[in-house]
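The values are calculated or read from the model by the stated rules, or taken from the named source; none is laboratory data. Worth saying up front: this structure is predicted, and the values here are computed from it rather than measured. In this analysis, Cβ positions are derived from the backbone assuming ideal geometry, glycine residues included, and neighbour counts consider all displayed protein chains.
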Amino acid sequence: MAASSVVSEPVVKAGEAAGSAAAFGTNRLLLLWSTVIGKKIVMAVTGVIMVAFVIAHMLGNLKIFAGPKEINTYSRFLREVGMPELGYGDALWIVRLVLITAVTLHIIAAVTLTRVSWQARPIGYRERKDLETSFAARWMRWGGVILAVFIVFHILHFTLGMVGFQPGQFRELHVYSNVVAGFSVWPVSAFYILAMLALFSHLDHGIWSMLQTLGWSTARNQATLRLASRLIAGVVFAGFVSVPVAVLAGWIQ
Amino acid sequence: MDIKLKIWRQSNTASPGQFKDYQVTGITPDMSFLEMLDVLNEDLTARGEAPVAFEHDCREGICGSCGFLVNGLAHGGRHGTTVCQLSMRFFKDGDSLALEPWRAKAFPVLRDLIVDRSAFDRIIQAGGFISANTGSAPEANSILVPKASAETAFDAAACIGCGACVAACPNASAMLFTAAKLTHLNSLPQGQPQRDQRTLNMVAAMSRELFGSCTNHGECEAVCPKQIPIEFIGNMNRDLVRATFRRRREAIVVAGTQRA
Ligand code: HEM
Ligand code: FES
């Protein structure tokens, strides 16, 4: 190496006032985001938002077992909620915007942090054994990519009706017949089930990971929190998968 | 007993390295792992070959000098054990053992099994201290330390900075080390005044040294010879949030540190 390079500059130099405005800028959220831990906290918080959504979505889906009238009314309710103060579909759009923001931040943080980690070990081991980690933890990144592909497909499919349907088959607000028609194509159902396996795995590690990141997991309660994480992931998986399985089995038609 | 060894040999940071096979004989079960390497090195020296370079000092698990992977496990993977405390009675006659140095961008190999861990020193230099007046020892009862805080600080201060956490981490992250150092000072009354600035400084230093980003695998805690829990990582994350949103932060005065 040539001349000496300053590797670890002091954030506050002798005589400087308290605060690190010079090093980080004045916006506190940007200061948090600028750190690796801050991005991880953003992943955890956006994760909570998405988990809450996923649970609500799964519960909503179960209305299909109550018949066409029930679920189609629910679909209309989602668009009419808040009226007349809000216009038709406004509340739904607010939720959508929150979710789009959450997914975007989650993915940007995931990609940025993954690159940091990949660059942190340029020469790999001949052999390194794992002692404590799980399949779920090791699949966070690739499982996340499957989920990203799934989210795009799912919106094109059941929200917009642009893929997976015969012309004229998809009718807006006719959720029941759309779902039955959509899942009757078995490769589509298979892909949904695969994506829900990825979701199970992501949440199995993710829910506990979020609690750990936010400092709620302790040496004492860790085993309990991990079990709770797996249970929630399992319930979400079972709830979502029950619909394509019921269609393929002919229980709902 | 006889042991087959496959050891990473590299003469300096710039040159490429490779694994070389060795055979040691006449090892007794009461030898430590490093004594087994001493036997090998005496043999190599007698044959005019360069001995295998490895770091060691106390050889009783308290200094943090030693450390390398034994068959893919940092310090050999036994609970709460450094490689210097690893006894040969845990191995069998004829065992094949592969020894590999810690691997991380922040830990360049200096020679064979020795890596440069000065990145850890620079993280500590960024804030791993308290500013206090020097002079005679203060009256011991002037600052009372609650029992729980003292216990937490002791548990965190047990970290010997060996680097096994980084080595075992699939992301080569230094979160457990930095969390241990921060929890040590941030949980004591003496650490409170500069708590927020310390946290910001050390977290920033950790990134500057190009360590990876934690994904909560828990591999660090599994190999930590001092059994530092990943709970401390959660403490650090919370302290960072606290630090970023504090209106006033007491300065931490750091001299510039340089690497040649
Ligand atoms: C869409 C693409 C997605 C990608 C690329 C992605 C990727 C990742 C990655 C790399 C992690 C970090 C692993 C860790 O720190 O343990 C993570 C964590 C997490 N993900 Fe995702 N994810 C995606 C979607 C989702 C979805 C749809 C949900 C919720 C239903 C979700 C919930 C979580 C949670 C709760 C965490 C834990 C946060 C933490 O570690 O503190 N993710 N994700
Ligand atoms: S030589 Fe001191 S800890 Fe191993």
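May I ask you to verify whether residue B:65 is of a type in the set (Ser, Thr, Tyr), surrounded by 13 or more Cβ atoms within 10 Å (Cβ to Cβ) and touching a residue at least 60 places away in the same chain (Cβ under 8 Å)?
Yes, satisfied.
Which one is nearest to residue B:122 (Cα to Cα), of the residues in the range B:202-213 that are of a type outside the set (S, T, N, Q) and facing chain A (nearest Cβ under 7 Å)?
Step by step, filter the range B:202-213, then rank; the result is B:205.
Go through (1) part of a loop (DSSP other than H, G, I, E, B); (2) within 16 Å of ligand 2 (Cβ to nearest atom) one by one and return the number of the condition residue B:30 breaks.
(2)
Read through the list (1) more than 7 Å from every other protein chain (Cβ to nearest Cβ); (2) surrounded by fewer than 22 Cβ atoms within 10 Å (Cβ to Cβ), then give the number of the only condition that residue B:250 fails.
In the conditions (1) more than 7 Å from every other protein chain (Cβ to nearest Cβ); (2) surrounded by fewer than 22 Cβ atoms within 10 Å (Cβ to Cβ), residue B:250 misses (1) alone.
Quick check on residue B:177: is it within 13 Å of chain A (Cβ to nearest Cβ), out of contact with any Leu (no Cβ under 9 Å at 6 or more places or on another chain), of a type in the set (Phe, Trp, Tyr) and more than 30 Å from residue B:27 (Cα to Cα)?
No: the conditions fail for residue B:177.
So which residues in the range A:82-94 are on the phi < 0 side of the Ramachandran plot and surrounded by 14 or more Cβ atoms within 10 Å (Cβ to Cβ), if there are any at all?
Answer for the range A:82-94, where residues must be on the phi < 0 side of the Ramachandran plot and surrounded by 14 or more Cβ atoms within 10 Å (Cβ to Cβ): A:86, A:90, A:91, A:92.
In the range B:94-137, which residues are under 20 Å from the mean Cα position of the chain (by Cα) and of a type in the set (S, T, N, Q)?
B:118, B:125
Looking at residue A:182, is it buried (at least 16 other Cβ atoms within 10 Å of the Cβ) and in a loop (DSSP other than H, G, I, E, B)?
No: the conditions fail for residue A:182.
Residue by residue through the range B:215-248, note down the ones that are at negative phi, under 16 Å from the mean Cα position of the chain (by Cα) and part of a loop (DSSP other than H, G, I, E, B).
B:224, B:225, B:226, B:228, B:229, B:230
Residue A:103 - would you say it is away from every other protein chain (no Cβ under 14 Å), surrounded by fewer than 15 Cβ atoms within 10 Å (Cβ to Cβ), within 16 Å of ligand 1 (Cβ to nearest atom) and in contact (Cβ under 8 Å) with a residue 24 or more places away in the chain?
no
Please work out which residue is nearest to the other protein chains (Cβ to nearest Cβ), limiting yourself to the range A:106-140 and to residues that are part of a helix (DSSP H, G or I) and polar (S, T, N, Q).
A:117
Condition first: crowded, with 21+ Cβ neighbours inside 10 Å and away from ligand 1 (no atom under 15 Å from the Cβ). Now tell me which residues in the range A:34-69 satisfy that.
Listed by number, the list holds a single entry, A:64.
Would you check if there is a residue in the range B:128-136 being in contact with a helix residue (DSSP H, G or I) (Cβ under 8 Å, 6 or more places away or on another chain), in contact (Cβ under 8 Å) with a residue 60 or more places away in the chain and within 12 Å of chain A (Cβ to nearest Cβ)?
Looking for residues that are in contact with a helix residue (DSSP H, G or I) (Cβ under 8 Å, 6 or more places away or on another chain), in contact (Cβ under 8 Å) with a residue 60 or more places away in the chain and within 12 Å of chain A (Cβ to nearest Cβ), one finds at least one in the range B:128-136, hence yes.
Are there helices (runs of 4 or more DSSP H) fully within the range A:1-93 with at least 1 residues that are over 26 Å from residue A:199 (Cα atoms), among the aromatic types (Phe, Trp, Tyr) and modelled with pLDDT under 85? List them.
Hits in the range A:1-93: A:21-24.
Quick one: how many residues across the range B:78-124 are at the interface with chain A (Cβ under 10 Å from one of its Cβ atoms), small (Gly, Ala, Ser) and either within 14 Å of ligand 2 (Cβ to nearest atom) or assigned to a helix (DSSP H, G or I) (or both)?
Going through the range B:78-124 one residue at a time, the tally reaches 2.
Scan the range B:148-193 for residues that are part of a loop (DSSP other than H, G, I, E, B) and either away from ligand 2 (no atom under 16 Å from the Cβ) or under 15 Å from residue B:229 (Cβ atoms) (or both) and jot them down.
Scanning the range B:148-193 gives B:158, B:159, B:169, B:170, B:171, B:172, B:174, B:187, B:188, B:192, B:193.
Of the residues A:223, A:195, which single one is in a helix (DSSP H, G or I) and surrounded by fewer than 17 Cβ atoms within 10 Å (Cβ to Cβ)?
Answer to the selection: A:223.
Checking residue A:120 against (1) out of contact with any helix residue (DSSP H, G or I) (no Cβ under 8 Å at 6 or more places or on another chain); (2) at pLDDT 95 or above; (3) within 24 Å of residue A:62 (Cβ to Cβ), which single condition isn't satisfied?
Failed condition: (3).
Report, ordered by the first and then the second residue, all pairs with beta carbons closer than 8 Å, sequence separation of six or more or different chains, a first member in the range A:194-206 that is away from chain B (no Cβ under 14 Å), and a second member that is outside any helix (DSSP H, G or I).
If the second residue must be outside any helix (DSSP H, G or I), the pairs left are A:198/A:139.
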